[in-house]
Amino acid sequence: MVPKSHISGRSTQWHADKARATRTAVIEGAATVFNEVGYRSAVISAISRAAKITPGGMYHYFDSKEDIAQAVLDEFEARWSVVPERAPEDSPLGMLISMTLRQMQRLHKDRIVRAGFRMTFEPGTLPTPNTSFAEQWLASVAAVLVDAREAGELTSDANADEIAWTIVSGFVGTYTLAETIGQHANLLSRMEAVLAGALREHLDPDHRDRVLTALRYSVAAISDTDA
């Protein structure tokens, strides 16, 4: 005979797995709807249909549409993986370039990342703007640029905060415009232009050719993974 404790343990695990699967389905369904119509126009019935879960089933795990949106934002930030505060000692700019391009690729391919990005950067979408994400992103990029300056890749007078602002605002603008006009085919090459424009005049002459070559190589390498 199977001990009752084993049966109870399996039952507890089954319920935990079911809860995770339900939450995941709701988050993915909500992301789909938020991408299609925006957060403000999204309704619970549409999220329910996209998630293939009854409204009652959703309310067992989420109290409101706002609660669902926060779960989407939390998952977005977990998947986004902003630039680490400490860059590799060998080439901080190489790491920054690769990370930024992969973030653009992830944004284009991952519906939860797209939904979270849209809610974060589309004015008036959320009752309380998600400013902390943008601030953290800017600070993280600036920290890597400081490492690059100390490593000699950037000139000694390069302003890390200003360059970070140019990179992040260029990223947001590039993707937002692509979404607006429906042209996503050349996102990586357009982001290459943003990065080159932000960095070129601040690169130390001894490192300029290497960094710009690494940028072109990274675009080609990441593009190949999409083929």
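The values are calculated or read from the model by the stated rules, or taken from the named source; none is laboratory data. On a predicted model such as this, the values are computed, not experimentally measured, just so you know. Note that each Cβ is placed from the backbone with ideal geometry, even for glycine, and that neighbours are counted across all protein chains shown.
Among the residues making up the range 26-45, those that are buried (at least 17 other Cβ atoms within 10 Å of the Cβ) and either touching a His at 6+ places or on another chain (Cβ under 9 Å) or of a type in the set (A, V, I, L, M, F, W, C) (or both) are Val26, Ile27, Ala30, Ala31, Val33, Phe34, Ala42. The residue pairs whose first member lies in the range 120-134 and is closer than 20 Å to Val37 by Cβ and outside the structural domain of Arg40 (by TED's automatic domain parsing), whose second member is aromatic (Phe, Trp, Tyr) and in a loop (DSSP other than H, G, I, E, B), and whose beta carbons are closer than 9 Å, counting only pairs six or more residues apart or on different chains, are Glu122/Tyr39; Thr125/Tyr39; Leu126/Tyr39. Before we move on, is Glu201 outside the structural domain of Asn35 (by TED's automatic domain parsing), within 20 Å of Ala115 (Cα to Cα) and not hydroxyl-bearing (Ser, Thr, Tyr)? So Glu201 fails the test.
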